[in-house]
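Participant: Mind having a look at this structure? Questions to follow.
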Amino acid sequence: MLASALAYKYDRLYSQASDGALIVEETMHTAGVIFLIPSSFKEKEWYRFPSAGTPAEDNAPSAPGGVLQADSDYTRLLPPEHLERGESEKTIYTCLDLAYPGVDDLTTGEQTLLAGHSTQAFLAQLTPDDKPSPNTEWLNRKQGYVPSTRQARLRKPHWLQPGVSDQYALCLLDAGYTWQDVAATE
């Protein structure tokens, strides 16, 4: 049986255009063996994120914002031990569906559950009209993909009201997920 094995590496370079837009150059390096033939590919993509507008518009609750520093810590939400990988994925998407419309006024108990963590980078959208998707990170075969802010480049990479991501995280916490703070150098 012939199989393929590939490894991926992403490099991202951030810069600011003269008009204030965020420019992201992302290079993906792929190396591996495909049908016993060594292979290597390089793909480069550019993204331009224009300024959101005037400072008043930039501060709107639904506006994306805040570039994360490369050495910023990130956070994961780990599933409970008894939850299998498939069940965990279902829970993630169920909680995302239940997060709407979001509530901005959190109770004291909800604030305690969030433990001072920002939840905004757990969700992302490419455009304001896109359905949001969860940011995840592959941990291992048992846990699979878990909610994580590791790949996030913005503090708020979506156009949703902030309460939506808070409700998403609260739903996961109610399902038994737990916080894990992780250094970016891991």
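The values are calculated or read from the model by the stated rules, or taken from the named source; none is laboratory data. Predicted model, so just to flag it, every value in this text is computed and none were measured. Neighbour counts run over all protein chains shown; Cβ positions are idealised from the backbone, glycine included.
Participant: Those residues that are under 18 Å from residue 68 (Cα atoms), part of a loop (DSSP other than H, G, I, E, B) and among the hydroxyl-bearing types (Ser, Thr, Tyr), I need them from segment 154-186; list them, please.
Facilitator: 185
Participant: Can I ask one more? Taking segment 17-45, which residues are closer than 18 Å to residue 64 by Cβ and at pLDDT below 80? Show your work before the answer.
Facilitator: First, pick out the residues of segment 17-45 that are closer than 18 Å to residue 64 by Cβ: 17, 19-24, 26.
Scanning segment 17-45 gives 17, 19, 20, 21.
Participant: For segment 104-117, check the following and say yes or no: at least one residue is over 24 Å from residue 14 (Cα atoms), in contact (Cβ under 8 Å) with a residue 40 or more places away in the chain, touching a Pro at 6+ places or on another chain (Cβ under 9 Å) and in the same structural domain as residue 83 (by TED's automatic domain parsing).
Facilitator: Yes, segment 104-117 has at least one match.
Participant: Residue under question is residue 167, and the condition is that it be surrounded by 14 or more Cβ atoms within 10 Å (Cβ to Cβ) and closer than 30 Å to residue 10 by Cα; does it hold? Steps first, answer last, please.
Facilitator: Numbers: surrounded by 14 or more Cβ atoms within 10 Å (Cβ to Cβ): yes; closer than 30 Å to residue 10 by Cα: no.
No, not satisfied.
Participant: Which residues, taken from segment 132-147, are touching a Leu at 6+ places or on another chain (Cβ under 9 Å) and more than 19 Å from residue 11 (Cα to Cα)? Give the derivation first.
Facilitator: Step one: filter segment 132-147 for residues touching a Leu at 6+ places or on another chain (Cβ under 9 Å), giving 132-135, 139, 143, 145-147.
Listed by number, the residues that qualify are 132, 133, 134, 139, 143, 145, 146, 147.
Participant: Considering every residue within segment 63-78, establish whether at least one is acidic (Asp, Glu), in a loop (DSSP other than H, G, I, E, B) and more than 22 Å from residue 150 (Cβ to Cβ). Before you say what the answer is, go through the steps one by one.
Facilitator: Let us first name the residues in segment 63-78 that are acidic (Asp, Glu), namely 71, 73.
When the remaining residues are screened for being in a loop (DSSP other than H, G, I, E, B), the result is 71, 73.
This time we only want the ones that are more than 22 Å from residue 150 (Cβ to Cβ), so: none.
Scanning segment 63-78, I find no residue that is acidic (Asp, Glu), in a loop (DSSP other than H, G, I, E, B) and more than 22 Å from residue 150 (Cβ to Cβ), so the answer is no.
Participant: Could you grab me the full set of residues in segment 148-165 that are over 22 Å from residue 84 (Cβ atoms), under 14 Å from the mean Cα position of the chain (by Cα) and not aliphatic (A, V, I, L, M)?
Facilitator: Matches in segment 148-165: 149, 150, 151, 153, 155, 156, 157, 158, 159, 165.
Participant: Just the residues that are in a helix (DSSP H, G or I) and loosely packed, with under 15 Cβ neighbours inside 10 Å, please, taken from segment 88-123. Break it down stepwise before answering.
Facilitator: Pass one, segment 88-123, residues in a helix (DSSP H, G or I): 88-98, 108-114, 120-122.
Within segment 88-123, 90, 93, 94, 97, 98, 108, 109, 111, 112 meet the criteria.
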